[in-house]
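The values are calculated or read from the model by the stated rules, or taken from the named source; none is laboratory data. Just so we're clear, the structure is a prediction, and the values are computed from it rather than from any experiment. Backbone-built Cβ (ideal geometry, glycine too); neighbour counts: all protein chains shown. Surface areas here come from the heavy atoms of the whole protein model, side chains and all, with no ligands, DNA or RNA. Shrake-Rupley method; radii C 1.70, N 1.55, O 1.52, S 1.80 Å.
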Amino acid sequence: MTKGKQAYHHGDLRTALLDAVGEIIRDSGVGAVSLREAARRAGVSHSAPAHHFGDKNGLLTAYATRGFEIFREQMQTALDSAPDPRAAFQAIGRAYVSFALERNEYFEIMFREELHHSEDPELDDAGRRAFAVLLEAVRQVAEAGLVGDKNPMHVAMSAWATVHGMATLWLTGAPSKFTDEDLGTLLEGVFEVSQTELVEAEGGAA
């Protein structure tokens with residue numbers, strides 16, 4: 001049986017089409033994604049992607065949703081594996097950047113609303129669940145007295161914005177003189193919330 005004549009179950013076809021999107025982005029960039037090309041790479045009829053996803057934005061919405069799910073899993077693993085709240089906060093930062101660098105086919109579209117159906121409830125839920133992992137890490141450092149009187153939500157938003165900016169700069173080549181070791185050093189500083197605040201908090205607790 002040739003690839004083009006494979007019989008897929010519903011879930012298998014969806015997976016095959018989303019896998020095809022990843023291949024297209026890795027090979028040629030987001031601009032090359034189309035329903036027709038996804039169908040061709042998946043070896044299915046040209047009408048199959050439209051039947052499952054409606055249009056190109058629907059296809060990319062589903063792909064971004066899967067990206068957020070993988071993203072959340074990686075951050076959750078980092079959180080669960082860390083020995084203490086401070087280490088967990090830093091580990092999530094490393095997981096964020098690692099995801100951006102290693103799974104850039106997802107990262108490239110996850111935060112670009114012009115490519116999605118932004119009202120899609122599954123995409124919204126996946127994004128919120130990913131952010132919730134960071135919020136949990138902030139809750140833990142707050143309970144440990146490491147963020148002073150800062151609003152945990154503000155800390156989480158600041159951390160998210162900072163590490164996203166670092167990841168984006170790294171991907172675009174702006175800090176090309178940096179090494180992986182430099183990146184680790186930067187994250188040590190960024191994900192201690194504030195070196196001064198931590199020292200003051202720990203000094204006050206002593």
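Between residue 169 and residue 46, the distance separating the two model label sites (each 7 Å from Cα on the Cα→Cβ line) works out to 4.6 nm. Within the shell defined by Cβ-Cβ distances under 10 Å, the residues around residue 29 carry a net charge of -2, with Lys and Arg each +1 and Asp and Glu each -1. Were the residues from residue 84 through residue 125 laid out at 0.36 nm apart, the gain over their Cα-Cα distance would be 12.0 nm. The reciprocal of the average 1/r between distinct C-alpha atoms defines the Kirkwood hydrodynamic radius, which for the stretch 1-156 equals 17.0 Å.
At a probe radius of 1.4 angstrom, the accessible area of the stretch 47-123 per residue rounds to 44 square angstrom. Label positions at residue 104 and residue 132, each projected 7 Å from the Cα along the C-beta direction, are separated by 3.1 nm. Please label the shape of the stretch 81-137 as rounded, prolate or oblate, based on the square roots a ≥ b ≥ c of the eigenvalues of the alpha-carbon gyration tensor (a/c under 1.5 means rounded; beyond that, a/b larger than b/c means prolate, else oblate). Judged from the Cα gyration tensor, the stretch 81-137 comes out oblate (a/c at least 1.5, b/c at or above a/b).
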